[in-house]
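Notes for the one structure printed next.
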Amino acid sequence: HSQRHLHSSSRIRNPPLAFAFDIDGVLIRGGEALPAAKEALSILEGNNTLGLKIPYILLTNGGGMSEVERCRKLSKQLGVRIDPAQYIQAHTVLKSVAHKYANAPVLVLGGKGNTLRAVAESYGFNQVYTSLDILSWNQSVWPLYNLTQGEHSSVKNADFSQLSFAAIFVFHDPRNWGLDIQVMCDLIQSGGVVGGPYLADSTRNPVDLVFCNPDLIWRSDFERPRLGQGAFKDAFQAVFKSLTGSNYPHILYGKPTDATYSFAEMVLRDRLRGQLPSVYMVGDNPESDIAGANKAGWQSVLVHTGVYDPHRGPPTHRPTHEARDVLQAVRWALAQEL
Ligand code: G3P
Ligand code: MG
């Protein structure tokens, strides 16, 4: 598969050409594929004048399920087979840090119920808990929400007064901001023990805090962009600052961070047998897709089907090119190369 890509893509140029596609607002909106997306990917799959297969990856700040499961859904939505080897989501990069917490209790936030527990365990985390596990253990942790029957049946039981959490990973967008911010503030101020005494910063165990998606907003199928994990991070930091007088130090992954684009380049090299391609990134969010691609030295194409609204003035990060949609973006990029 990648040999064919190498052969075809490097036949037209050296270094070979490759694309990186954002998903929400570019290929998909809400649950539906954008019409332009299917034709754009079909062209890269070989439906073009030269009959060339052009390699591409999907690079999203989304997530909330396993890469395999998301690729199954995307393949159905887009009408082409998306292989997990060409798919990077917000928390995929955590595969490279899980070993550091292999035997420590970690709190995993975001996604539906305990869907992410299995994903985190598949990455190499072995003591994975969710905020619903904690609420199921003691309802008074957050008296304003009662677990549904379904949520109760999927919790992992533990006596959290005996557990000291080493880290909090916000894998995907939290569904219950109040519960999650409350549990984060309890864990951090007590050095990792839910319900433990709040200790001074200098005397307590540090609890590592990792966010996987900086997006303040993202484009679903509503007319206006929706609040993303970046908004949740701001909400947590504002509450934590009101409680303690300072923000809490954290690690940030996801577009536009260097870590995520370096990880994407490694994936692209793997697909091109070590060769670093010339990459065209197609995205809808200047703050994440365009900023990150520009910083990585990629060509960036900003489309008008997502977060960015051309009626509200120029983008905060200047793309190499602007296009109406992903099909026009692919056509323009190939016209530069072929
Ligand atoms: O939760 C997903 C959203 O933040 C953005 O997704 O595909 O536009 O990077 P995407
Ligand atoms: Mg997007």
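The values are calculated or read from the model by the stated rules, or taken from the named source; none is laboratory data. Computed from a predicted model, the values in this text were never measured in an experiment. Using ideal geometry, Cβ is built from the backbone for each residue, glycine included, and neighbour counts are taken over all protein chains shown. The protein model used for the area step is the full one, side chains on, heavy atoms only, and it has no ligands, DNA or RNA in it. Shrake-Rupley method; radii C 1.70, N 1.55, O 1.52, S 1.80 Å.
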Checklist entry - In debye to the nearest 20, how big a dipole does the range 43-88 give about its Cα centre with +1 on each Lys and Arg Cβ and -1 on each Asp and Glu Cβ? => result 120 debye
Item to check | Cβ charges +1 (Lys, Arg) and -1 (Asp, Glu), total dipole of the range 2-161, debye | outcome: 560 debye
Checklist entry - Most fluctuating residue of Trp218, Trp142, Trp298 in a GNM of the chain with Cα springs under 10 Å: which is it? => result Trp142
Checklist entry - How large is Rg/Rh for the chain, to two decimals, with Cα atoms and a Kirkwood Rh? => result 1.01
Item to check | Sparse-neighbourhood loop sites, GluC sites (Glu not before Pro) in the range 206-314 - DSSP loop, at most 13 other Cβ within 10 angstrom | outcome: Glu223
Checklist entry - 222 nm [θ] for the chain, helices only, -39500 (n - 2.57) per DSSP H run of 4+, per residue, to 500? => result -10000 deg cm²/dmol
Item to check | Sequence-separation-based contact order of the chain, relative, with Cα cut under 8 Å and 6+ spacing, percent | outcome: 20 percent
Next on the checklist: Only bridges whose two residues both fall in the range 145-293 count here: according to DSSP, what percent of them are antiparallel, nearest 5?
Outcome noted: 25 percent
Next on the checklist: For a quick check of understanding: with a 1.4 angstrom probe and all protein chains in place, what accessible area in square angstrom does Arg29 have, to the nearest ten?
Outcome noted: 70 Å²
Checklist entry - What is the sum of charges around Asp22, taking Lys and Arg as +1, Asp and Glu as -1, for the other residues whose C-beta is under 11 Å from the C-beta of Asp22? => result -2
Next on the checklist: Just want to confirm a number: the relative contact order over the range 140-299, from Cα pairs under 8 angstrom separated by 6+ residues, in percent.
Outcome noted: 16 percent
Checklist entry - Can you give the angle from 0 to 90° between the axis of helix 2-12 and the longest principal axis of the chain, with both taken from C-alpha atoms, to the nearest 10? => result 50 degrees
Checklist entry - Based on the mean of other beta carbon atoms within 10 Å per residue, what is the order of 57-63, 330-336, most packed first? => result 57-63, 330-336
Item to check | Rough spin-label spacing in nm, given labels placed 7 Å along Cα→Cβ, for Ala118 and His99 | outcome: 2.6 nm
Next on the checklist: On C-alpha positions alone, give me the angle between the axis of helix 326-337 and the longest principal axis of the chain, in degrees, nearest 10.
Outcome noted: 50 degrees
Checklist outcome for this item: Here, Leu147 and Lys76, labelled 7 Å along Cα→Cβ, have an inter-label distance in nm of 2.8 nm
Checklist entry - Contour minus end-to-end for Asn126 and Glu45, with contour as 0.36 nm per residue of separation and end-to-end as the Cα-Cα distance? => result 25.3 nm
Checklist entry - When the chain is fully extended, how far beyond the present Cα-Cα distance does Ala85 get from Gln275, taking 0.36 nm per residue of separation? => result 66.8 nm
Item to check | Cross-link pairs beyond the 22 Å C-alpha cut-off, checked among Lys112/Lys233; Lys53/Lys295; Lys112/Lys156; Lys233/Lys255; Lys112/Lys241; Lys112/Lys295 | outcome: Lys53/Lys295; Lys112/Lys241; Lys112/Lys295
Next on the checklist: On C-alpha positions alone, give me the angle between the axis of helix 258-271 and the longest principal axis of the chain, in degrees, nearest 10.
Outcome noted: 50 degrees
Checklist entry - In terms of the ratio Rg/(2.2 N^0.38 Å) built on C-alpha atoms, what value belongs to the range 192-265? => result 1.39
Next on the checklist: How much of the DSSP bridge set in the chain is antiparallel, in percent, rounded to the nearest 5?
Outcome noted: 10 percent
Next on the checklist: Tell me the accessible surface of Lys156 in square angstrom (1.4 angstrom probe, heavy atoms of protein chains only), to the nearest ten.
Outcome noted: 60 Å²
Checklist entry - Which ³J(HN,Hα) values, rounded to whole Hz and listed in residue order, are derived for the range 306-315 from phi using the Karplus coefficients 6.51, -1.76 and 1.60 in 6.51 cos²θ - 1.76 cosθ + 1.60 with θ = phi - 60°, glycine and proline given as x? => result x, 5, 6, 10, x, 6, 9, x, x, x
